[in-house]
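Here is the structure we will look at.
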């Protein structure tokens with residue numbers, strides 16, 4: 001994937017005369033995030049096969065170390081991979097490019113439970129054309145109109161506009177500071193960016209800020225939870241190694257790759273199916289990013305129960 005990106009970047013460089021090396025870094029970063037659970041499972045399989053090939057597991061058992069204690073090492077390895085994967089969701093290279101901000105400055109419409117915004121045109125944090133804000137306070141509505149405005153951390157500075165009160169009275173102003181209980185800059189950034197590519201902490205901050213207006217997009221919360229759940233797959237996919245570990249099946253390198261690919265593909269299929277069911281509101285959206293994890297845990301628990309029963313009968 002990285003080599004393919006290099007060819008694309010070189011092809012673009014021939015046309016533009018500029019080598020966009022940041023694109024290579026960003027796409028390599030995305031590829032690592034996507035493939036990390038597969039790499040984790042594949043690495044665990046290779047280590048197990050090599051240990052079994054040279055009878056290292058049997059030697060450890062002869063020294064009084066149980067199979068479960070040996071398998072815990074693989075779980076610890078998966079947990080370390082989980083921490084690394086989680087860090088890739090928190091610290092991203094070149095966050096400005098990763099976030100994929102919307103390039104056009106067209107109209108922005110924001111609808112909340114209490115406040116409605118219509119912004120004709122934006123330049124950064126400055127609103128250079130018509131701005132309409134409807135503020136609902138109980139059963140009363142206040143209409144704000146301004147020719148231009150500026151977004152601050154906890155307020156909106158309106159210029160050259162008017163306020164229409166619930167009783168129909170209109171009051172004009174040169175400058176009016178409208179205090180709000182949210183961060184307007186962060187709200188507009190949330191509206192304009194691609195949530196899938198936002199860092200975990202930044203996206204969490206955006207969604208909590210939007211919830212203060214009554215904006216609760218479940219699909220975006222699912223994306224936030226999936227940043228944790230996908231990292232967790234590094235631990236849970238290692239559990240799929242357990243049946244091979246118990247039966248001491250030695251696999252060739254080719255078979256290791258094929259089995260690892262099939263098991264990872266199955267896990268990813270359950271994972272994406274869970275996300276789709278959650279976004280369609282067929283299952284609770286809080287649970288949807290963890291469907292694959294639940295299936296793997298059920299499989300592992302059932303297999304462990306039968307395995308211990310078999311050991312007891314022997």
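If I filter region 194-209 for residues that are at pLDDT below 85, out of contact with any helix residue (DSSP H, G or I) (no Cβ under 7 Å at 6 or more places or on another chain) and under 30 Å from residue 87 (Cα atoms), do I get at least one hit?
Checked region 194-209: at least one residue is at pLDDT below 85, out of contact with any helix residue (DSSP H, G or I) (no Cβ under 7 Å at 6 or more places or on another chain) and under 30 Å from residue 87 (Cα atoms).
So which residues in region 195-215 are farther than 18 Å from residue 90 by Cα and either buried (at least 17 other Cβ atoms within 10 Å of the Cβ) or without any contact (Cβ under 8 Å) to a residue 40 or more places away in the chain (or both)?
Within region 195-215, 209, 210, 211, 212, 213, 215 meet the criteria.
Can you name every residue in region 151-177 that is touching a residue at least 24 places away in the same chain (Cβ under 8 Å), surrounded by 13 or more Cβ atoms within 10 Å (Cβ to Cβ) and out of contact with any helix residue (DSSP H, G or I) (no Cβ under 9 Å at 6 or more places or on another chain)?
Correct list: 158, 161, 176.
Yes or no: residue 163 part of a strand (DSSP E or B) and under 37 Å from the mean Cα position of the chain (by Cα)?
No.
Would you mind telling me which numbered condition in (1) more than 15 Å from the chain's Cα centre (by Cα); (2) part of a helix (DSSP H, G or I); (3) surrounded by fewer than 19 Cβ atoms within 10 Å (Cβ to Cβ) residue 242 fails?
(3)
If you check residue 269 against the conditions, is it part of a helix (DSSP H, G or I) and exposed (fewer than 13 other Cβ atoms within 10 Å of the Cβ)?
Yes.
Just to confirm my filter: which strands (runs of 3 or more DSSP E) fall fully inside region 96-152 and include at least 1 residues that are modelled with pLDDT under 75?
108-111
Per-residue answers, yes or no, for (1) in the same structural domain as residue 81 (by TED's automatic domain parsing); (2) free of Cβ contacts under 8 Å to residues at least 12 places away in the same chain:
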{"residue": "7", "(1), (2)": "no, yes"}
{"residue": "15", "(1), (2)": "no, yes"}
{"residue": "21", "(1), (2)": "no, no"}
{"residue": "43", "(1), (2)": "yes, no"}
{"residue": "51", "(1), (2)": "yes, yes"}
{"residue": "57", "(1), (2)": "yes, no"}
{"residue": "60", "(1), (2)": "yes, yes"}
{"residue": "68", "(1), (2)": "yes, yes"}
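The values are calculated or read from the model by the stated rules, or taken from the named source; none is laboratory data. Small disclaimer: the values here were computed from a predicted structure and weren't measured. As a convention, Cβ positions derive from the backbone with ideal geometry for all residues, glycine included, and neighbour counts pool all protein chains shown.
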